[in-house]
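A.B. asks: Got a structure here, written out as structure tokens. Questions coming.
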Amino acid sequence: MENKGALSVVLYLCLNVFVMADTVYGDASYSFPEEMKHGSVIGNIAKDLGLDVNRLSVRKARVDTEGNPKNYCDINVNTGELTVAERIDREGLCGKKATCVIKQELVLENPLELHRVSFNIQDINDNSPVFTNDVIRLEIRESADKGATFPLDPAHDADIGENSVQGYVLQRNEHFVLNVNTNLYGLKYSELVLDKELDREKEQELSLILTAVDGGTPPRSGTVAIHVTVLDANDNAPVFSQSVYKVSLPENSPLDTVVVTVGATDSDDGVNGEVMYAFDHISEKNRELFSLNAKSGEISLIGPVDFEEETTFELQIQAKDGPGLATYSKVVIDVIDINDNAPVILLKSLNSPVPENVLPGTEVGIINVQDRDSEKNRQVQCTVQQNVPFKLVPSIKNYYSLVTTGELDRELVSDYNITITATDEGSPPLSSSKTIHLSVADVNDNPPVFEEQIYSAHVKENNKPGSSVCTVAATDPDWRQNGTVVYSLLPSDVRGAPVSSFVSINGDTGVIHAVRSFDYEQLKSFKVLVLARDNGSPPLSSNVTVSVFISDENDNSPQILYPSPEGNSFMTEMVPKAAQSGSLVSKVIAVDADSGQNAWLSYHIVKATHPGLFTIGEHSGEIRTQRDISESDSTKQNLIVSVKDNGQPSLSATCAVYLLISDNLAEIPELKDMSYDESSSKLTFYLIIALVSVSTFFLTFIIIILAVRFCHRRKPRLLFDGAVAIPSAYLPPNYAEVKEAGTLRSTYNYDAYLTTGSRTSDFKFVTSYNEGPLPVDLTLKKDKSVENLMGCAGNEFESVTQDISEY
Ligand SMILES: *[C@@H]1O[C@H](CO)[C@@H](O)[C@H](O)[C@H]1NC(C)=O
Ligand SMILES: *[C@@H]1O[C@H](CO)[C@@H](O)[C@H](O)[C@H]1NC(C)=O
Ligand SMILES: *[C@@H]1O[C@H](CO)[C@@H](O)[C@H](O)[C@H]1NC(C)=O
């Protein structure tokens, strides 16, 4: 304050000089700053007006104000100085006026004098700049450009001139600078200039301090806060969280499955930041499969997805904020294959029927396997069921050849149901199967087979021509004509005649018919070769032997060889008188061309001179004395012997046997024709022996000749033939029987004795060789053939001759 006072004084002195110059007009005028202290001297008015100081009090000098009760100054009547009486506030008195003058009057009495005194009040900087409001609130859109200006309310300063607001200062910040202007009225004001764009998304509000400064000395200032609210502009498009959404979706997923949720954020505020989702561009088909929730961004499934139809979906999606700023993204949906397709088996070709003779490994068909799935789910394994001779051989890609693994035989299995199963490798695996029907075609690979390996037929002799002999049957399992059997006879000879003159065969039925009537005594058996042939091309055949055995019928009567049926007296037998009971006196020899029972002869004496004297062996034909001969017996004895066979009905023959009971031929006068000497019975006996021997040898010789001739025709190898004088036709057939027909062969014994008239010796002409079973070798020989049998018959004669030679 002291300083201030001193300053005022200096100011006052200067002004005073100026005031002096004005006094000329009789008025006084003073300039001084406002707000001087009470009592401060403004000037010496007495001096300035040339008034007598001493008289001031007398003249009651005073300061008066016209119409104004306030006296801003007083006059010191002792010194004539004007002093400040009242606080003088220029702003209060004059406001913003550039000059502020207070008019007062100095009144003097005695004489009344009136002087006008004007005070020119000078401003001092006693007011600071002041802003109207405490806070300046601004709202600036973030989209405002750089350089945009925002005028601020000016600050006001009650002072004037230099003491009023001279400038503004803005707190340092990164967005705004300050621009200070003067308006039309000289008022300084400021405006914010955007130096760097705002971003609401970074800073929503800014606070700045603005300071207004006046020009006083010292200057005064006032501050105000500027509060800037950054308003949002839709300057941000939504941003997707991913540029591409890649998801995988198993096919056949249930409806309403959420495939993916897309998300976009918009940093803008309010509507500008409200994001809505939509498909940008979507095909009709995809629209039926997927839906997009506009708000949540969930893409869900609304239709069936089939991997086999489409493996990938690409959906363009869009996110848009309220005003319509949009961004785009893409959703890629990879469909995952599920094993939902079973393999499909396709039969591409089939060679059916397949001939049964194809080699193993022959391709009979081609199949193709398809599976619509992918990867493992379409890897297919193909198998054929176990029990068929077929297998699958993998070929190119999914093709398989169906080939045979073994031989086929239509006769065993004529068709196959081949079941092929295809299984994929999915989990769980799916499979399907297909049954292929394959027929096997026939090949003529089976010859006819006879039901029996050997057929034997038995036919009675004297059969009717055309009667059936037997039936052969052959089967052929082949198909149709390949299995149709036709029978025929293979040409052969039977006794020099073609077999067809004996039998014929029905080609269809296999029934063998006799062509002629057979004669057992001529032909006991023969063989026929029957051929069975199928109708294949080429045909197959097989043959079988049919042995035809002709069986005997009793169609031959016994033939009496001895004694000659024509009762020859020469054949009289001598019976010694001394013959005792049981002596063999003669023997009836008979043969029967038949065989077996039909040739089994029995001998009976049907008539005798002396019944009871002789008996005949029922089967041997030996005539023996039944008792000792007595003298009374008549010397001539006749016997009628009947020979019967055992056939049904039996046939018989009779003969007469003449017996002479005598020791000497001469004793019988009746027998004149007897050529031997009765008197010399001993000589006669020897003669007879010699005669018989000679005739026996002669007979043997004849028989040998005959037999040689006979066997030359039949069997030239035979050495001896016809050892006895019995025509071969008369031989009992069982001597030359084949085994099959000779059931009675060993049961019956045939002893043939040729006795001579000799009383002393029995001549065993033919020994019995049937007393036991036949020697094995003989039996075997006899089994060979008809011709052999005939030969065997010859052999028997051979043994007969051997027997003879023993004697
Ligand atoms: C094959 O199948 C058919 C019909 O499915 C059937 O009639 C036939 O008997 C079968 N054949 C074989 C050899 O199983
Ligand atoms: C008979 O077999 C032949 C081959 O040997 C064959 O060609 C033919 O087709 C067969 N006939 C029938 C009816 O199966
Ligand atoms: C009869 O069959 C046999 C084999 O069984 C054969 O060796 C023979 O040649 C056949 N005969 C004829 C005439 O076909």
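A.B. asks: Multiply the residue gap between SER283 and GLU375 by 0.36 nm, knock off their C-alpha separation, and tell me the result in nm, one decimal place. Working shown, then result.
C.D. replies: Values: separation 92, 0.36 × 92 = 33.12 nm, distance 2.83 nm.
Extra length available between SER283 and GLU375 comes to 30.3 nm.
A.B. asks: Let me ask something else about it. Work out how much length GLU631 to GLU274 would gain on full extension: take 0.36 nm times their residue separation and subtract the Cα-Cα distance, in nm to one decimal. Show your work: numbers first, answer last.
C.D. replies: Working: separation 357, 0.36 × 357 = 128.52 nm, distance 17.60 nm.
Full extension from GLU631 to GLU274 adds 110.9 nm.
A.B. asks: Sorted by mean Cβ packing within 10 Å, highest first, what order do the peptides 496-508, 587-599 take? Spell out each step's value before the answer.
C.D. replies: Values: 496-508: 15.2, 587-599: 25.6.
In descending order of packing, they fall as 587-599, 496-508.
A.B. asks: Moving to a separate point now. Taking amide H positions as placed in the peptide plane 1.01 Å from N, state which residues far from ALA608 in sequence (5 or more) or on other chains have amide H under 5 Å from it.
C.D. replies: Placed amide hydrogens put ILE640 under 5 Å from ALA608.
A.B. asks: Counting only residues 5 or more places away or on other chains, whose amide H sits under 5 Å from the amide H of VAL130 once H atoms are built in the peptide plane?
C.D. replies: HIS156, ASP157
A.B. asks: Moving to a separate point now. Taking the stretch 444-500, which trypsin sites (Lys or Arg not before Pro) meet the DSSP loop condition and have no more than 13 other C-beta atoms within 10 Å?
C.D. replies: Working: sites: LYS460, ARG480, ARG495; in loops: ARG495.
Here the sparse-neighbourhood loop sites are ARG495.
A.B. asks: Which FRET efficiency value, to the nearest 0.05, do you get for ALA294 and ARG172 by plugging their Cβ-Cβ distance into 1/(1 + (r/R0)^6) with R0 = 41 Å?
C.D. replies: On the way: r = 47 Å, r/R0 = 1.15.
So, using R0 = 41 Å, E works out to roughly 0.30.
A.B. asks: Still on this structure: So which of LYS348/LYS391; LYS348/LYS376; LYS376/LYS434; LYS577/LYS636; LYS285/LYS320; LYS246/LYS376 end up more than 20 Å apart by C-alpha? Walk me through the intermediate numbers first.
C.D. replies: Details: LYS348/LYS391 16 Å; LYS348/LYS376 24 Å; LYS376/LYS434 22 Å; LYS577/LYS636 12 Å; LYS285/LYS320 24 Å; LYS246/LYS376 23 Å.
Violating the 20 Å Cα-Cα cut-off are LYS348/LYS376; LYS376/LYS434; LYS285/LYS320; LYS246/LYS376.
A.B. asks: What's the local net charge at LEU198, with K and R +1, D and E -1, over the other residues with C-beta under 9 Å away?
C.D. replies: Numbers: positive: ARG141, LYS196, ARG200, LYS202; negative: GLU142, GLU197, ASP199, GLU203.
Within the 9 Å Cβ shell, the charges total 0.
A.B. asks: Moving on. Can you bin the stretch 129-250 into rounded, prolate or oblate? Criterion: square roots of the alpha carbon gyration tensor eigenvalues sorted a ≥ b ≥ c, rounded for a/c under 1.5, prolate for a/b above b/c, oblate for the rest.
C.D. replies: Numbers: a/c = 4.27, a/b = 3.62, b/c = 1.18.
Prolate, since a/c reaches 1.5 and a/b exceeds b/c.
A.B. asks: Exactly which chymotrypsin sites (Phe, Trp or Tyr not before Pro) in the stretch 586-639 are in a DSSP loop and have at most 10 other Cβ atoms within 10 Å? Present the calculation step by step, with values, prior to reporting the outcome.
C.D. replies: Working: sites: TRP600, TYR603, PHE614; in loops: TRP600.
Answer in residue order: no site qualifies.
A.B. asks: How large is ³J(HN,Hα), in whole Hz, for each residue of the stretch 266-281 in order, when computed from phi with the Karplus curve 6.51 cos²θ - 1.76 cosθ + 1.60 and θ = phi - 60°, using x for Gly and Pro?
C.D. replies: In residue order, the calculated couplings are 10, 7, 5, 9, x, 4, 5, x, 7, 9, 10, 9, 7, 6, 7, 9 Hz.
A.B. asks: Show me, for the stretch 234-251, the HN-Hα J-couplings you get by feeding each phi into the Karplus relation (A = 6.51, B = -1.76, C = 1.60, θ = phi - 60°), rounded to Hz, glycine and proline as x.
C.D. replies: For the stretch 234-251, the Karplus-derived couplings read 6, 9, 10, 7, x, 10, 6, 6, 9, 6, 9, 9, 10, 9, 10, 9, x, 5 Hz, x marking Gly and Pro.
A.B. asks: Can you give me the long-range amide H partners of ALA457? Hydrogens built in the peptide plane at 1.01 Å from N, cutoff under 5 Å, separation of 5 or more residues or another chain.
C.D. replies: Long-range HN contacts for ALA457: SER547, VAL548, PHE549.
Read-outs: derived from the displayed coordinates by stated rules, not from any lab. What you see is a predicted model; the values in this text were computed from it and never measured. A quick note on method: Cβ atoms are made from the backbone with ideal geometry, for glycine too, and the neighbour counts reach across all protein chains shown.
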